[in-house]
There are 2 protein chains.
Amino acid sequence: MLRGLSAFPLTPITNNNVDEAAFVHLITNLVAAGVDSIGAVGSTGSYAYLTRDERRRVTELAVQHAEGIPVLVSIGAIRLDDVLAIAEDAQRAGVKAVMMAPVSYQQLNAEEVYTLYDTVTRHLSVPLCLYDNPATTGFAFTDDLLVEIAALPAVCSIKLSAVSTDPTKGKERIDDLRARLPASVTIGISGDWQAATGFAAGCDVWYSVIGGLFPEVSLALTRAAQAGNHRLAGELSDQLEPLWQLFRIHRSLRVMAAAAEILGVVGPSCLPFPLRPLAGEDKEHLHAVLKSTGLV
Amino acid sequence: MLRGLSAFPLTPITNNNVDEAAFVHLITNLVAAGVDSIGAVGSTGSYAYLTRDERRRVTELAVQHAEGIPVLVSIGAIRLDDVLAIAEDAQRAGVKAVMMAPVSYQQLNAEEVYTLYDTVTRHLSVPLCLYDNPATTGFAFTDDLLVEIAALPAVCSIKLSAVSTDPTKGKERIDDLRARLPASVTIGISGDWQAATGFAAGCDVWYSVIGGLFPEVSLALTRAAQAGNHRLAGELSDQLEPLWQLFRIHRSLRVMAAAAEILGVVGPSCLPFPLRPLAGEDKEHLHAVLKSTGLV
């Protein structure tokens, strides 16, 4: 199920409340483009800043407007009670999968992370995507730990944070992981600038931030890679390099929030306090990049 | 007010609930020893894992049993609404100060961190200690930003995460900070193995993890330093080096939780899931260290 393009939309915030109309508009845009799955209320959807009720409501809206496209949501939270409650809400809303990074205040160790996934997956009725996100959790998975957790019956996919920029090394690692993972577990890449490299190395799915706002260009890259045309996928990625640079400097969330403002599909300052979309000169530069890359 | 030894007790958890009797016992121990302030519901008190109601209840217990010793609590939370509600609860409970690290899911930038402190301090009626904790927040303050935020009227102290191990460099930095900070703002050190170095460099206060469980030895070090006897403070710290090593390897929270188990003042597995106190051989080694250092 989790293959191809998994698009992660923003959860637009206005005056400390979710802008539901703007969110539904983003979902409708993804449905029209035909993405393979929708990763609602993910990191790009500011899940960690939303209340349980907000997460439930946004999940329901995503499923209601997805027209059958599989929806997955993040269930990560600092406290186990909250993780399980949010997972239950998501399952009732009709998600096809959930995603979880090892969110914590104190950095966890490998044993604690295994226990977390083991405990949470025992409570799930839908499959789980394991989410390696060291930038937000402070915890970096080893491949051994990925393999160990992916052997839990509920795990359906792993979302990697990085692949080697060396194509040979990248392919060797994915081949090695593939050989050690259950056949049912797909391998995904995040960090949008690594998508083409990840597909060329053998990844099955791109967990995509840009895909949440610009699904067409993301699908073009994905479909090229899926057809084995990695040269074209690489060229499409290279064309977006000015945008990837901004992602690496400011983080993708602040850039995509400002891009959504520029497109006029969200209100001003659509991120949860105190996070701020690019503004001033940075936003003007982004606007120029979006124009030069043909995104607006 | 925030000078000398600020002792940070655990918030013992049993079966997913706060063990109130064990917590009160820890507070009573601090009162008997005569610590200068009590940092309840801090990082060592697992604040980020507790519900608002639990934080309020533990704060009330701390104030009720502190017998006039100033209590401060952490008000950090990912969402601003929660920060303000927790701060209001704490103020009603009678805390003398609050503490806040720039907790976030997405790492904040300097501008966002300033906005966070500016916004929160406008809502406070008690002073705030700025808490630099890059290990849990992913955000490291520059001295310039510390100075900028400490100029906000509510700020009464800054809690540094590190001082240079080079005594001359350490003193130069604290002297420089002192010259740029309002006279009312005290400078504190965390990371217990740096306490003696921090005092020698000119810090006013030790925000102490070990002080939450072993206040006597922590007070001996603090009083030596306050009397200008930095050689004795250094010797007392050096005697605890085997414990500091465990702090650096396993983090102080897991070590202190296991030490509290060894003392018999908390139940088994007193940390919030999935965090675990040292166990097995690590715990046996800790027990040997506590014996050899005279702590048990």
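Quick notes on this one:
- Here A:SER43 meets the list (1) closer than 20 Å to A:LEU219 by Cβ; (2) in a loop (DSSP other than H, G, I, E, B); (3) within 15 Å of the chain's Cα centre (by Cα) almost entirely, failing just condition (1).
- Residue match in region B:239-249 (condition: within 11 Å of another protein chain (Cβ to nearest Cβ) and within 20 Å of A:LEU108 (Cα to Cα)): yes
- On the stretch given as region B:197-230, residues that are under 17 Å from B:SER161 (Cα atoms), open to solvent by less than 10 Å² (accessible area, probe 1.4 Å) and small (Gly, Ala, Ser) total 4.
- Residues in region B:46-74 that are within 14 Å of chain A (Cβ to nearest Cβ) and assigned to a loop (DSSP other than H, G, I, E, B): 3 in all.
- Residue within region B:224-237 that is under 18 Å from the mean Cα position of the chain (by Cα) and within 14 Å of chain A (Cβ to nearest Cβ) present: no
- The listed residue being away from chain A (no Cβ under 14 Å), open to solvent by less than 20 Å² (accessible area, probe 1.4 Å), within 19 Å of B:LEU80 (Cβ to Cβ) and part of a loop (DSSP other than H, G, I, E, B), out of B:LEU124, B:LEU152: B:LEU152
- Qualifying residue in region A:161-171 (condition: away from chain B (no Cβ under 14 Å), among the small types (Gly, Ala, Ser) and part of a helix (DSSP H, G or I)): yes
- Residue pairs meeting the criteria (Cβ under 7 Å; at least 6 apart or on separate chains; first closer than 15 Å to B:GLU54 by Cα and at pLDDT 95 or above, in region B:84-106; second aliphatic (A, V, I, L, M) and in a strand (DSSP E or B)): B:ALA87/B:VAL98; B:ALA90/B:VAL73; B:ALA90/B:VAL98
- Residue check: A:ILE69 meets all listed conditions (1) among the hydrophobic types (A, V, I, L, M, F, W, C); (2) within 24 Å of B:TYR49 (Cα to Cα); (3) surrounded by fewer than 24 Cβ atoms within 10 Å (Cβ to Cβ) but one, namely (2).
- Residue list for region A:116-140, filter: more than 17 Å from the chain's Cα centre (by Cα), more than 17 Å from B:THR136 (Cα to Cα) and of a type outside the set (Ser, Thr, Tyr): A:LEU116, A:ASP118, A:VAL120, A:ARG122, A:HIS123, A:LEU124, A:VAL126
- Residue ID - nearest to A:ILE187 (Cα to Cα), chosen from residues in region A:127-149 that are in contact with a Ser or Thr (Cβ under 8 Å, 6 or more places away or on another chain) and among the polar types (S, T, N, Q): A:ASN133
- Residues that are open to solvent by less than 10 Å² (accessible area, probe 1.4 Å) and either more than 14 Å from every other protein chain (Cβ to nearest Cβ) or more than 25 Å from B:ALA101 (Cβ to Cβ) (or both), drawn from region A:76-87: A:ALA87
- Members of region B:88-116 that are away from every other protein chain (no Cβ under 14 Å), β-branched (Val, Ile, Thr) and assigned to a loop (DSSP other than H, G, I, E, B): B:VAL95
- Candidate set: region A:1-39, residues that are of a type in the set (Val, Ile, Thr) and over 14 Å from the mean Cα position of the chain (by Cα); chosen: the one least open to solvent (accessible area, probe 1.4 Å): A:ILE27
The values are calculated or read from the model by the stated rules, or taken from the named source; none is laboratory data. Everything numeric in this text was worked out from a predicted model, so none of it was measured. Every residue, glycine as well, gets a Cβ built from its backbone with ideal geometry; the counts of neighbours run over all protein chains shown. We work out accessible area using only protein heavy atoms, side chains counted, and drop any ligands, DNA or RNA first. Shrake-Rupley method; radii C 1.70, N 1.55, O 1.52, S 1.80 Å.
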